[in-house]
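Notes for the one structure printed next.
We did not get these values from a lab; they are worked out from the coordinates using the rules stated. Predicted, not measured: the structure shown is a model, and the values here were computed from it. Every residue, glycine among them, receives a Cβ derived from its backbone with ideal geometry; neighbour counts consider all protein chains shown.
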Amino acid sequence: MTLQELVAGAASLHSDRAAVWFDECTGKPPAFHTYATVVELARELTAFLQKHCDQQGKCEIGLYCYPGMNLPSWILGILQVPAAYSPVDPDAPPTLSTYFMKKTNLQYILVENDKINKFRMSHVGCFSHDSSAIEHIGLTLFQMSSSNTDLNSQVDDMKSKCEPFKAVGNSQPESTVCPDQTEVKTSEGGSLDVRQKDTLAYVLHTSGTTGFPKIVRVPHKCIVPNIQHLKSIFEITQEDVLFLASPLTFDPSVVELFVALTSGASILIVPNTIKMMPVELSAALFHHHHVTVLQATPTLLRRFGAHVIKSTVLSANTSLRVLALGGEAFPVLSLLKSWKHEENKTSIFNLYGITEVSSWATCYKIPEEVFSADFRTDFPIPLGSPLLGTKVEVRDTNGSAVLEGEGQIFIGGKERICFLDDEITVPLGTMRETGDFVRVQNGNLFFVGRKDNQIKRHGKRFNIECLQRAAEDLCQVEACAVTWYQQEKLILFVLPKDNLEERETLKELQKHLPAYAVPDEIVVIKALPLTSHGKVDISELNKIYQNHLNSRRRDSKLSDAEELWERLQYLWKSVLGLLGDSTDISKDAVFLYSGGDSLKALRFYGEIEMLVGKAVPGLLEVILSRSIEEVYRHILKMLITDEDQLMNPENVVKRKLSQNSGEEFRGKYIKLTSEIALEVTSGLIPFIALSRGNHFFPLNFTKSFMQPKNAVQVGVDMLQQPSFLHSKAPSITKSHTQGYEMGEGILTVANKANKNDCSSVQQIHTECSHATVAELALSVRWKSNTRKCVDASPLVMIPSKEEVSASVYVGSHSHAMQAIDLDLGKIKWEKTLGDRIESSACISKCGNFIVVGCYDGLVYVLQSSDGEIQWTFVTEDTVKSSAVVDPSSGLVYIGSHDQHVYALDIYKKACIWKSHCEGGAVFSSPCLSSFPHHLYVATLGGLLLAVNPVTGSKLWKNLLGKPVFSSPHCNENFVCVGCVDGNLYCYTHSGEKVWQFSTNGPVFSSPCLSSLTKQEIFFGSHDCFIYCCNMEGNLLWKFEATSSVYGTPFIFQSDDLSNKILLAAVSTDGKVWILNAKTGTAEGVEKLPGEVFSSPVVWGTKLVVGCRNDYVYCLDLYITGK
């Protein structure tokens, strides 16, 4: 009997029942597949693999993926080939996964479609791509390349690093680790051959924490008895819901999956990030899905925390029927009793096993009476009875059987056999050495500890598990772990229940332990760090202790809240490896989306508590799910009782800088002003720059300049300006055409009458609610011949100096880049670049340069005053993307068709980083968010990515499925982007999809989000409509144009135009539309003599746009009859 045959039997009986649930835990309904769907998808995958894979001899197929909705179908599809599945963890070190693939001689690997680029980058040259992918199943097949030079070099590198896999201290009882195997050939005769077809079910490797990782090939005959027996012990029915708690590379995942799928029950799967968030995970498991069976390591259970365990997991009315704990030493009974509500009816089991004889070997059900109040708390928990087909023996160092006393446990059985490393045949009845020591008493086995955890201290040899058990038995200890730090110091890490006095705890331990087993030091921690298999991570504990030692050497006294903010940023960067970066951390930055994980969060938490000198209740939860500002305020609430003293970190930075007169702050922990800013400050030009979609870039202006009588307002997408810009701003002289004041993200512009401008007119207060009569007229003010199509959108720059006129910068297919006087239409300069220009220009932070991409693959940096080339940066393909500038650091971000996005320092003429966008050219422009500090990039491969602007590391990504030509645009809460599939998508800054709005044609237009209309989004579609929807994704109005709308709309408001909030949009047939932004009615229209793919930009009453008749146009807007 095979695993797939067991599933087929269950599916035939329960075809309409839910087999798998997948919950992203984002608030939207979970998705599910029935047994019929799982089987059908598996059948399609099986047929695909049988067609493309050579099945001579044993067949093993890798599976490179994260757990998701289709996981059961993927595994079942491989098994039905027939083949063994070999899970490869995308998050594992590439050297380890490469070693695994090489050691197993893996010929084929199925890669989850959105992991293809990660796979390729991690295993360059190892595999060739099979063009036959199964799109709707979400997988692509790769085959081993004939040339394995890169793969072999990575394997050699892995072998050279074998020392780090040896324990520098100890490890917990490991079901995934076995020392040098010892085989005992019984007299039963016969052997199992790995080459026999249909033999193998799956292939894993041990974790390698106590030696070199071993390959373990598991036959169906070995694992099926485990599944069958545990189903019976746990009394599984079709009504049960099991949780996939274990990663695929950890063999208990096989039990979780197949105990469910062979019984007609359901398996629940959640994203890995949710597993790191105890509150969210407990809500998903026990409130939303009512999980009935949970298999976990004791450490993983402890991550919920005592309160959640007692109130939810093991509460009186919990849904949980079965809790099976294995992979580590079972918790002491006193601790378990404190977790379990007196009316709780959950059955609790102790499981024991090793990967080398997959999966579990023994099982013991904890009697209900031991949880009664009067039952003795020192009751030892045995390992239990052997499972079906399993043989367990205990032997001394001479190999003799131990009937009473201590010895090492050996596991095997006639067919409970796995193949290790290069074994081809294994005799039936082979017994494997485990490395675990037990005490045999009255026929029961009691775990003593691992051979690796025996140490010699003060002349005495003992197992450090005895210290852990003694500590867990103390009433003030919720969980603990022990390390033999550098083979010199015995350190006890304690997760306390309440306030824990270290001195008193040591006294309690001295009562129960010999002197040589008492720890040198107790370190209080918030949570135990875990490995990917849910076990205590000893190496991470040693790091925590090292940081603990380092912190003692620092003066941790905090002088005020300002210093706390500075030190908090320093610790954040230190833990995330960003100390070389001088950029301030965004106050909305979230730890998990800034490169952090659960282990780093624990280190960050520990550093903070050492810094403040006391425990901070609830801090870890805040770190895992909230922003750095909320972390800061959470700490302050504990340190400062007066709410009035709670400071905004932004104000802290501003005040600090104002005290330093804009100069670099030379504190010990953080550099607030980047070198770039210092280099260019002396050459700053006060200016305002406008580009498509209301992208607005004001720099170096004073807070207010003048209060105009007749004003125009432009709804701006303004990145938060760094505070140092306001501390040393140059004086502003009044322009002869325009003045302004800044406030609430709105730019107000005064139009002064002169010989080039229309004079003021009487304001009209009534609004037209229909399109029968247009109130506004448009007329050509000037046009400039570029000699070929103008698909790029214009950049308008308005300097504050009176003697410098406003300029329009725009490129053409003629290779020409022009700077044109906005008022007069005269060409100020023209520069011929190397090829066609479709990229829209952007202005540098200092205002002295413009940056533009070109078809020749270059990014050009030109002087804004005369067009002279200051620098060119070479990418590997065409650059159609338009650049964006970080107003704080001055870095320029731009994409290329070479599938990369680049961060350029144009002042140092250097590429700071480049990031591969995982498939598909970057056609659209990046979008920079200030809070949180994210860079959003969309690709023609259909990906929307959030990138760390400082490091280039990817924070999150979403696969839209179709190419994205639209540029992302964001506000303080959301990021939106259009897609060729006809949808406008809206995401939170953490990557969660909020909604999608559907049109009847591809959306090439970028969304326009404006501060003038904070609750509306404007965009066009190829279905010929211009849309306005609110931030909930509901349609407010739509306007039917006369052809497709490719360009991005632009929002503006002017006293000279009845003070209405207006929307400028263009359709590809050359029509320029002016719409009422509130109602969607037409206020004016003008037809240009050519197609228009460019996007309009409006300044005052002037509208600038490119046309495919070779001209760039400036149109005057005015009231009809003026």
**OP:** Quote the relative contact order of the stretch 969-1097 in percent (integer), defining contacts as alpha-carbon pairs under 8 Å separated by 6+ residues.
**Re:** 15 percent
**OP:** Multiply the residue gap between Gln870 and Thr397 by 0.36 nm, knock off their C-alpha separation, and tell me the result in nm, one decimal place.
**Re:** 162.6 nm
Subject >> Distance from the stretch 384-463 to the stretch 249-288 (C-alpha centre basis), Å >> reply: 30 Å
**OP:** Only Cα pairs under 8 Å and at least 6 apart count here; give the relative contact order of the stretch 458-551 as a rounded whole percent.
**Re:** 27 percent
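Measure up Lys231/Lys391; Lys275/Lys337; Lys115/Lys1038 against 28 Å on the Cα-Cα distance and list the ones that go over.
Check vs 28 Å cut-off fails for Lys115/Lys1038.
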**OP:** Quick one: dipole size for the stretch 458-551, taken about the Cα centre, charges +1 on Lys/Arg Cβ and -1 on Asp/Glu Cβ, in debye to the nearest 20.
**Re:** 240 debye
**OP:** Between the alpha-carbon centers of the stretch 502-554 and the stretch 297-357, tell me the distance in whole angstrom.
**Re:** 23 Å
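Can you tell me the relative contact order of the stretch 776-1119? Whole percent, Cα pairs under 8 Å, sequence separation 6 or more.
14 percent
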Subject >> Estimated vicinal HN-Hα couplings, Hz - the stretch 239-244 in sequence order (Karplus 6.51, -1.76, 1.60; Gly, Pro = x) >> reply: 7, 7, 10, 9, 9, 7
Original post:
Is the shape of the stretch 57-115 best called rounded, prolate or oblate, per the rule: a/c under 1.5 gives rounded, else a/b larger than b/c gives prolate, else oblate, with a ≥ b ≥ c the square roots of the Cα gyration tensor eigenvalues?
Top reply: oblate
**OP:** Once you have a ≥ b ≥ c as the square roots of the Cα gyration tensor eigenvalues for the stretch 359-464, tell me rounded if a/c is under 1.5, and otherwise prolate or oblate according to whether a/b is larger than b/c.
**Re:** oblate
Subject >> Gap separating the Cα centres of the stretch 467-482 and the stretch 1077-1122, nearest whole Å >> reply: 74 Å
Original post:
For Met1, Met431, what ranking results if the residue with the fewest other Cβ atoms within 10 Å of its Cβ goes first?
Top reply: Met1, Met431
Original post:
³J(HN,Hα) across the stretch 840-856 via Karplus (A = 6.51, B = -1.76, C = 1.60, θ = phi - 60°), whole Hz, x for Gly/Pro?
Top reply: 8, 6, 10, 9, 6, 4, 7, x, 8, 9, 10, 10, 8, x, 9, 4, 7
**OP:** Sort the following peptides by mean Cβ neighbour count (other Cβ atoms within 10 Å, averaged over residues), highest first: 887-899, 264-276.
**Re:** 887-899, 264-276
Subject >> Under the Karplus curve 6.51 cos²θ - 1.76 cosθ + 1.60, θ = phi - 60°, whole-Hz ³J(HN,Hα) for the stretch 350-361, x wherever Gly or Pro sits >> reply: 9, 10, 9, x, 9, 4, 5, 10, 5, 10, 9, 10
Original post:
Amide H of Phe243: which non-local residues (sequence gap of 5 or more, or other chain) have their own amide H closer than 5 Å, using H built in the peptide plane?
Top reply: Leu268, Val293, Gln295
**OP:** Order by neighbour count: Asp981, Asp520, fewest other Cβ atoms within 10 Å first, most last.
**Re:** Asp520, Asp981
Original post:
Rounded to the nearest 0.05, what FRET efficiency do Lys1087 and Cys911 have when you use their Cβ-Cβ distance and R0 = 35 Å?
Top reply: 0.20
**OP:** Give me Ser385, Ser915 ranked fewest to most by other Cβ atoms within 10 Å of their Cβ, as a rough exposure proxy.
**Re:** Ser385, Ser915
**OP:** Calculate, for Asp835 and Gln238, the FRET efficiency according to 1/(1 + (r/R0)^6) with r their C-beta to C-beta distance and R0 56 Å; round to the nearest 0.05.
**Re:** 0.30
Subject >> Gyration tensor (alpha-carbon) shape descriptor, the stretch 458-551, a/c threshold 1.5 >> reply: rounded
